[in-house]
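Worksheet for the structure shown next.
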Amino acid sequence: MKIKSKGFKSLMSILVLLGICMSAVGQSKDFESELKKITDKYEAVGLAIVVVKKGKPIYEKAFGYKDLNSKEPLTTNDLFRIASISKSFSSTAIMQLVEQGKVSLDDDISELVGFKVRNPKYPDTKITLEMMLSHRSSINDSNGYFTFDVLDTTKNKDWEKSYNNYEPGTDYEYCNLNFNMIGAVLERLTHVRFDNYIKQQILNPLKLDAGYCVDSLDQKRFAKLYEREGNSYTEQPAAYNPRSEEIKNYTMGVSTPVFSPTGGMKISAHDLAKYMLMHMNYGKSGKVKILDPLSSKKMQHGLSPKENYGLALLENNRLIEGEHMVGHTGSAYGLYSNMFFEPDKKFGFIVITNGCIPTLDRNEDIQMSKEVINLLYKDFISKK
């Protein structure tokens, strides 16, 4: 269903402020006025925000709508399919296994996934687990990433197109197929279905009401996602397609893309902030330990000078001038998600919209997200 965007200024001028305001800091009319200017300019459908300072949440609010038809207001407890921020959950689970000695970052991905994975231009160079986690595998998404058959020499005559011209480990290209394969590796190593394993090892210990399996979540909490098409928005229900039929015939280590380890996590802004705090604190949340500090720091350290991408977390020095941020973005079905934090200074931001005008800046970052984050930084972090 297409929904015209005419009148969005009045929509956002309502500024439905649900969720919890956890601090009076930044609650000035000037802040709300500046935020409204940004959401009006990019005709945002809804916006969920959490600000963390000194290692704890200080501000949490939602603006706009969860559903454009019913005009149901958005809250910070509504679930979003957060897209590529999802990759960090898979990487976190892998690093737990590395700590347990069940796998090494230097292991050959061919041995881990159970079929040969070799760049035909460099057949003697093994593609390691670390290369997959850091997008330095030389694998690309040109043949798609929802099935591993794209790499199968017997099933795909164009399988060579899935590999770039450079030697594995020497260059960077962002690749979703890498992380759907990582999900399969987790299943083969643990003998637990991917979505259940993430829930057992990360979500449950952190008390996060989230998951990769649509059918296991309260669908009334899903924030509808809207793709911008011309001057209107079109709802994208495919973001939350049920998976019950695919699960009936599920094969471990093969069917894993059903859950989209590369982008299928469904989580609220509120709970994503709790997850971010764990990474900000180098693997710990209160008394709960998810990772050793060395593993957490390894994830946050960029391995490619080209993109400063670590193990599903990246270093970003351009988001906020003068600040070294760590985190990830996501974009799919009209959603744009952001999770960025400064691990030493202990501040961070969750910013998620379920639809906006997707204007890019010169670095190809979503402009609205960047402007909102910089406004939050100015009003909540940099002010004395």
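In table form, for the structure just shown:
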read-out: All positions within segment 347-384 that are closer than 11 Å to Leu319 by Cβ and aromatic (Phe, Trp, Tyr); value: Phe349, Tyr377
read-out: Test: residue in segment 287-306 that is assigned to a strand (DSSP E or B) and either under 26 Å from Leu177 (Cβ atoms) or small (Gly, Ala, Ser) (or both); value: no
read-out: Qualifying positions in segment 217-259 - among the small types (Gly, Ala, Ser) and loosely packed, with under 13 Cβ neighbours inside 10 Å; value: Gly230, Ala238, Ser244
read-out: Scan of segment 360-371 for residues that are at pLDDT 95 or above and over 18 Å from the mean Cα position of the chain (by Cα), ordered by number; value: Glu371
read-out: Segment 92-106, residues that are assigned to a loop (DSSP other than H, G, I, E, B) and more than 11 Å from Leu186 (Cβ to Cβ); value: Gln100, Gly101, Ser104, Leu105, Asp106
read-out: Tally of residues being under 14 Å from Ala48 (Cα atoms) and either part of a loop (DSSP other than H, G, I, E, B) or not charged (D, E, K, R) (or both) across segment 258-278; value: 6
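The values are calculated or read from the model by the stated rules, or taken from the named source; none is laboratory data. Everything quoted here is computed from the prediction, not taken from an experiment. Virtual Cβ from ideal backbone geometry, glycine too; neighbours counted across all protein chains shown.
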